[in-house]
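This report concerns only the one structure given below.
The values are calculated or read from the model by the stated rules, or taken from the named source; none is laboratory data. Since this is a predicted model, take the numbers as computed values, not measurements. Cβ placement follows ideal geometry from the backbone for every residue including glycine, while neighbour counts extend to all protein chains displayed. The area values use the complete protein model at the heavy-atom level, side chains included, leaving out ligands, DNA and RNA. Shrake-Rupley method; radii C 1.70, N 1.55, O 1.52, S 1.80 Å.
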Amino acid sequence: MKLTVHERGLLRAVSQAPAPTAMSTFFPALTQAVLPEVHAPEDDPVRVAWADEQGALYGASVSLWRKNLVRVVHPANGERPDLVEATDEGRTALV
């Protein structure tokens, strides 16, 4: 199965996690764009690149769920996001 760089990175991180986890916890480690300065304007190229990559990571997390490569073990409850684990199909996709 062909996976994007973000999908593969997220799936690998989730599959190696010792317990169900929120995929967004891995975003900082997977982000290659430079973190923008706090007071950078919204149209700053660094901020735009960072925001685009965050959007791509969220999109990858949805895509993994739609492809049945991760499953929600504990649904979001207003205090924390969904906690997921890799499915058998997800672990196979990494091979």
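Once the Cβ-Cβ distance between LEU94 and HIS74 is put in as r, and R0 is 30 Å, what FRET efficiency do you end up with, to the nearest 0.05?
0.85
State the percentage of accessible surface on the chain attributable to carbon and sulfur atoms; use a 1.4 Å probe and exclude ligands, DNA and RNA.
57 percent
Give me the Å³ per residue figure for the convex hull around the C-alpha atoms of the stretch 1-47.
101 Å³
With runs of 4+ DSSP H residues as the only contributors, calculate the mean residue ellipticity of the chain at 222 nm using -39,500 (n - 2.57) per run, divided by the residue total and rounded to the nearest 500.
-14000 deg cm²/dmol
Could you identify which residue out of GLU53, GLU37, GLU85 has the top mean-square fluctuation in a GNM of the chain using Cα springs shorter than 10 Å?
Fluctuation is largest for GLU37.
Please list, ordered by chain and number, the residues whose modelled amide H lies under 5 Å from the amide H of VAL84; skip anything fewer than 5 residues away on the same chain.
Long-range HN contacts for VAL84: THR21, ALA22, MET23, VAL73.
Convert each backbone phi in the stretch 30-39 into a coupling constant with the Karplus relation 6.51 cos²θ - 1.76 cosθ + 1.60 (shift: θ = phi - 60°), then list the ³J(HN,Hα) values in order as whole Hz, x for Gly and Pro.
The phi angles translate into 8, 6, 9, 6, 6, 5, x, 5, 4, 9 Hz.
About its Cα centre, how strong a charge dipole does the chain have in debye, to the nearest 20, once Lys and Arg get +1 and Asp and Glu get -1 at the Cβ? Intermediate values should be presented prior to the final figure.
Numbers: 9 positive and 12 negative charges, 107 e Å.
It comes to approximately 520 debye.
For a bin width of 5 Å, list the pair-distance distribution of the chain built from all Cα-Cα distances, rounded to whole %.
Cα pair-distance distribution for the chain, in percent: 2, 14, 24, 21, 16, 11, 8, 4, 1.
Given bins 10 angstrom wide, list per bin the percent of all Cα-Cα distances in the stretch 51-95, short to long.
26, 47, 26, 1
Could you work out how much longer the chain between GLU42 and THR4 gets when fully extended? Use 0.36 nm per residue separation minus the Cα distance between them, nm to one decimal.
That pair, GLU42 and THR4, stretches by 11.0 nm at full extension.
Percent relative contact order of the stretch 13-57, based on C-alpha pairs within less than 8 angstrom and at least six residues apart?
Working: 27 pairs, mean separation 14.4, N = 45.
Reported relative contact order: 32 percent.
Please compute the contact order of the chain in relative form: average sequence separation of alpha-carbon pairs under 8 Å and at least six residues apart, divided by the residue count, as a percent. Walk me through the numbers before you get to the answer.
Numbers: 114 pairs, mean separation 33.2, N = 95.
Relative contact order here is 35 percent.
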